[in-house]
Structures are given as C-alpha cells and as structure tokens.
Amino acid sequence: MHRLARPVHLMELAGAVLFVSACGSLEVRTEGTSGPIAWRVSDIAVVTRDIQGKAVDGQAFTVVVTNTSDRTLTFTRMDEKRYRPGTNTGSASYTGRWVLRRGREWKINRFTSLVCNDASGCAESGSTQTLLQIMLTGSDDQDRPVEARLDITLPPATVGRAPVVR
C-alpha cells in the first residue's frame, strides 16, 4: 500500500490556494499517479445542465483511473472534496463495489457547478478554478488494503450565465 508522508487536509489546501490565488490562476493538474493507479482528467467542457428545474452552468469532465498494478483492485469507497477559492466548497462520499482488473480503466463522470453569491458576478467574488481531492479506498485480490489519492486542479471555467444571487 502506498502511504503518504502526511495527509493534506482541506483547510490546509484552502489556505495554500488562497495564497496562490491572490497571485492569479493555479497550475492545472489533470493527470498523475497514486499507489497502484494512474489517473487523468479528460473531456472537460463547460455545459449547462438542468438541476431541479433550473439551468446551471458548470464543468463536466471524466476522471479516468487505470490499474497499473499486477493485482485486481476492488474499491469500496470514494470520498470527494471540492474547493473553489472565494466561492464554494463541498464534499461527498460514495460507497459501492468498483472492481478494476490489472491494466483496465474506470471512467468516473463528474460535474461541478459554480455557486456565485456576489451580485457583481463570480469573476469578482472568486476563482472559476475547481480543486478536487478524490480518495479511493478498498483492497486488492489478496485482501490487502489499497488507497489512492487524486489531487486535481481543473482549468479556469468560463461560465456565461448571469450569476445566481442568494
């Protein structure tokens, strides 16, 4: 099992991002490796989706996870944290049984929307760049624990719809 020297918590990430975001855009990170997997982000697009009867602009993208080990991996939990400097944060946890054989890919479709609380528009209230941390946990075919952390920084989104004021 690949272990990190020290886990990075969302608040530490937020503090670092606030410092960097004051200087401009963050470095885009759309591929990497963690433990027994390689990952990449593909098919990034600004789209409008109907969510609870309202048109919502956001970024749709696919996270492609590839098993680079010689074992079959079974992930049973996916924790996702999202952060967008100056606007919104969120987290979600999913449980299931996602089996990933050696050399195989798992495509995870995602969507993130911009919640803007500023009447002057989101460009004035914060970044349009989303940071995600996805933690996958499970075990291999020898019942050994497996974890993989994906630290993703999407490119800035150009969202054309008028801001939602709350």
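Between residue 38 and residue 137, the FRET efficiency from the beta-carbon distance, with R0 = 22 Å, is close to 0.80. Modelled this way, with points 7 Å down the Cα-to-C-beta line, the labels at residue 29 and residue 52 are 3.2 nm from one another.
Rounded to 0.05, the FRET efficiency of the residue 101 and residue 60 pair, given R0 = 35 Å and the Cβ-Cβ distance, is 0.85.
Could you work out how much longer the chain between residue 45 and residue 68 gets when fully extended? Use 0.36 nm per residue separation minus the Cα distance between them, nm to one decimal. If you can, show how the numbers build up before the last one.
On the way: separation 23, 0.36 × 23 = 8.28 nm, distance 2.72 nm.
Taking 0.36 nm per residue and subtracting the Cα distance, the gain is 5.6 nm.
Since every read-out is calculated from the coordinates, none of them should be taken as a lab result. In this text the structure is predicted, and so the values were computed from the model without any measurement. Here Cβ is always computed from backbone atoms with ideal geometry, including for glycine, and neighbour counts include all displayed protein chains.
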